[in-house]
Amino acid sequence: MTENSKNLQKHLLENVRYLKPIEAAYNNVLSSLLTSAANDNSASTLSLPFWFSAFAVNLENYVTYAQNIIEPLIVASLSEESGKISCSTTQQSANNCVQAAIRSFNSNLSEVALQVITLSNENGNNNWRYNNRKKPLS
């Protein structure tokens, strides 16, 4: 197993550290929206609560993690595998497809996160976001 593969394995095991806060924040947002909708039939305006920023920050932290740590390790691991003499052309092609899919997925996830962050910022939640952002991991 290569060093990149070992690092990738280690980081994928830590993945839940980023996904659980997203899930919890999303459930809070969903619960609040459903409760508000049940109590108020007039949905003419939607003002997001202050805590919506928790979802935005957690999503942004995960996107940073996925793009800066996971994606490069996946690409490096697949490139190493493709570079081995024992790797068939079929496997090399599959590895290239996985690399392209990971890049595309992360790009789309980044766009979604940007929209969520923009929505959060439009509701005046900048201070909470700034104070709760994680620094990128190395």
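Miscellaneous remarks
- Taking segment 1-24 as the range and being β-branched (Val, Ile, Thr) and closer than 19 Å to Lys84 by Cα as the test, only Thr2 passes.
- The residues of segment 115-138 that are surrounded by 14 or more Cβ atoms within 10 Å (Cβ to Cβ), at pLDDT 60 or above and out of contact with any Ser or Thr (no Cβ under 7 Å at 6 or more places or on another chain), listed by number, are Val116, Ile117, Leu119.
- Yes/no for Asn41 being at pLDDT below 80 and farther than 25 Å from Ser77 by Cβ: yes
- Residue list for segment 1-16, filter: loosely packed, with under 14 Cβ neighbours inside 10 Å and more than 12 Å from Ile70 (Cβ to Cβ): Met1, Thr2, Glu3, Lys6, Val16
The values are calculated or read from the model by the stated rules, or taken from the named source; none is laboratory data. In this text the structure is predicted, and so the values were computed from the model without any measurement. Backbone-built Cβ (ideal geometry, glycine too); neighbour counts: all protein chains shown.
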